[in-house]
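Presented below is the structure to which this report refers.
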Amino acid sequence: MPKVWIEKLTEDMELYLIRVDDDQIKYFEAAWDIPEGITYNSYLLKLNDAVVLFDTVKKDYEDLFMDALKKLVDPKEITHIIVHHTEPDHSGALPRVLEENEYKAMVIGTQFARNLLEGFYGKKVVENFKVIKDGEEMKIGGKTFRFITVPWLHWPDTMITYLVEDKIIFSCDAGGGYSIPETIDDSSEEVVEKYLPYVTKYIVTVIGHYHKYIVENIRKLKELGIVKDVKMILPGHGLIWRRDPIRIFRHYEEVGAGRAEKGKVLVVYDSMYGFVEKRMDIVIDELKKHGMKPVIYKYTDKVAPAVSDILGEVPSAEAIVIGVSTYEADIHPRIRYLLYEIIDKANYEKPVLIVGAFGWGGGAGKKIESMITRSKFDHVMTVESKGAPSAEDEEKIRDAVRELIQRSLPTGNT
Ligand SMILES: Cc1cc2nc3c(=O)[nH]c(=O)nc-3n(C[C@H](O)[C@H](O)[C@H](O)COP(=O)(O)O)c2cc1C
Ligand SMILES: [Fe+2]
Ligand SMILES: [Fe+2]
């Protein structure tokens, strides 16, 4: 049963977090394995003559959400509902809130958000919708709300709210992450360290396709001068940030830009009967000889790592090695799917080495090569050979690994 948190966030304001811990979900967006779960964060701000709700939660939890909301306010008293992003993990409970609100509240969002809400939930939900323009300010309950669009973080509809006098950013998907942290905020370094890899995994799997917009939008917020002395960043998933709020945006920037950890090489391969694996043992040995730190994921008849976990490793890798067997004149199915997702979600300028094994005609290596050369990745070499690796094959593989190390990004490493 998901836990629901209701937490007051500030001494001087009636600002509350309502957080639903989704420990039932298995595949976010029906695609990404998240045994670690996810949280949906909604916020409520009670002012003198206004009650503002920021986003809601997934429909599955609307009963839990309404119960929590009613502990804070009679839904009929909500005057404004801010919709930062209409993906149903945040908007799912909106129709129910509006129904219990008797459609009194003004719903605020972008034109895109209005169109999407109407498409998802019908005309009634947008009867009292106020379309905002980028940078527009509204006075609500004596406070200044500034709405800033951040397109493609995560959809074209997306915006954030900046509470001007209090220097608080409500950021929805931007600043979010997977997992169910044991605290609500970033006060414990231990909790933050454990959480950040789930943020990376979330960024790549959910927003990765648009990762250049992460960098662009954070630059936009910086240029608006609202990041420098922000007091709190309140995302739609995971931890809230108030000890060191800028840290979460910094992390987003680093992942968006694909900032590498020194020496990290992502090694992924399939091996049905061990021939690719023999080659990868050589690759790993050569990498280690040169002080590199291989991070290894393999598909065999015993193990199948989650693609979502592998995607989360790409941004911080200096280089990638793909080991592959030819399967029906094509790429092994596991690697085929993985590669498709890497190129779609984590397309970075990083060197890639392809090492292949085949039985008769081969071809997987060449197919990967043509995918890689059409992406942002830098194709270093394809070393493909038959059966068990000969001494000559071993030499070629070791040479190729040395070439890969040479080509590893000299800039941008942390
Ligand atoms: C189902 C299946 C399909 C295969 N298809 C091809 C193929 O089309 N062309 C080829 O050259 N080898 C093919 N092979 C042979 C493998 O590519 C070869 O045995 C390779 O060494 C496997 O490496 P592994 O033992 O690490 O999986 C196939 C093997 C299997 C089991
Ligand atoms: Fe989203
Ligand atoms: Fe979301």
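Structure values in brief
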quantity: Filter result (in a helix (DSSP H, G or I) and open to solvent by 10 Å² or more (accessible area, probe 1.4 Å)) within region 343-370; calculated: Ile343, Asp344, Lys345, Lys366, Lys367, Glu369, Ser370
quantity: Residues satisfying the stated conditions in region 248-275, i.e. hydrophobic (A, V, I, L, M, F, W, C) and within 16 Å of Ala346 (Cβ to Cβ); calculated: Val255, Ala257, Ala260, Val265, Leu266, Val267, Val268
quantity: Which numbered condition Met106 fails, given (1) over 18 Å from Pro235 (Cβ atoms); (2) among the hydrophobic types (A, V, I, L, M, F, W, C); (3) touching a residue at least 60 places away in the same chain (Cβ under 8 Å); calculated: (3)
quantity: Looking only at region 233-248, and only at residues there that are open to solvent by 10 Å² or more (accessible area, probe 1.4 Å) and not in a loop (DSSP other than H, G, I, E, B), the one that is nearest to Glu193 (Cα to Cα); calculated: Arg247
quantity: Those residues of region 386-408 which are of a type in the set (Ser, Thr, Tyr) and in contact (Cβ under 8 Å) with a residue 40 or more places away in the chain, in sequence order; calculated: Ser408
quantity: Test: Val230 is part of a helix (DSSP H, G or I), in the same structural domain as His85 (by TED's automatic domain parsing) and in contact with a helix residue (DSSP H, G or I) (Cβ under 9 Å, 6 or more places away or on another chain); calculated: no
quantity: Extreme residue, farthest from Glu341 (Cα to Cα), among residues of region 11-34 that are in a loop (DSSP other than H, G, I, E, B) and touching a residue at least 24 places away in the same chain (Cβ under 8 Å); calculated: Met13
quantity: All positions within region 46-64 that are in a loop (DSSP other than H, G, I, E, B) and either in contact (Cβ under 8 Å) with a residue 60 or more places away in the chain or of a type outside the set (D, E, K, R) (or both); calculated: Leu47, Asn48, Asp49, Ala50, Asp55, Thr56, Val57
quantity: Test: residue in region 335-344 that is closer than 21 Å to Asp393 by Cβ and in contact with a helix residue (DSSP H, G or I) (Cβ under 7 Å, 6 or more places away or on another chain); calculated: no
quantity: Test for Arg334: is it buried (at least 20 other Cβ atoms within 10 Å of the Cβ), within 11 Å of ligand 1 (Cβ to nearest atom) and under 21 Å from Phe28 (Cα atoms); calculated: yes
quantity: Residue pairs meeting the criteria (Cβ under 8 Å; at least 6 apart or on separate chains; first among the β-branched types (Val, Ile, Thr), in region 268-282; second more than 8 Å from ligand 1 (Cβ to nearest atom) and open to solvent by 10 Å² or more (accessible area, probe 1.4 Å)); calculated: Val268/Ile296; Val268/Tyr297; Val268/Lys298; Ile282/Pro389; Ile282/Glu394; Ile282/Arg398
quantity: Residue in region 184-201 that is more than 16 Å from ligand 3 (Cβ to nearest atom), part of a loop (DSSP other than H, G, I, E, B) and not hydroxyl-bearing (Ser, Thr, Tyr) present; calculated: yes
quantity: Of the criteria (1) surrounded by fewer than 23 Cβ atoms within 10 Å (Cβ to Cβ); (2) near ligand 1 (Cβ under 8 Å from one of its atoms); (3) in a strand (DSSP E or B), which one His379 fails; calculated: (2)
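The values are calculated or read from the model by the stated rules, or taken from the named source; none is laboratory data. Bear in mind the structure is a predicted one, so any value in this text is a computation, not a measurement. Quick reminder, even Gly has a Cβ in these numbers, built from the backbone with ideal geometry, and neighbours come from all protein chains shown. Heads up: the accessible areas ignore ligands, DNA and RNA and are worked out on the full protein's heavy atoms, side chains in. Shrake-Rupley method; radii C 1.70, N 1.55, O 1.52, S 1.80 Å.
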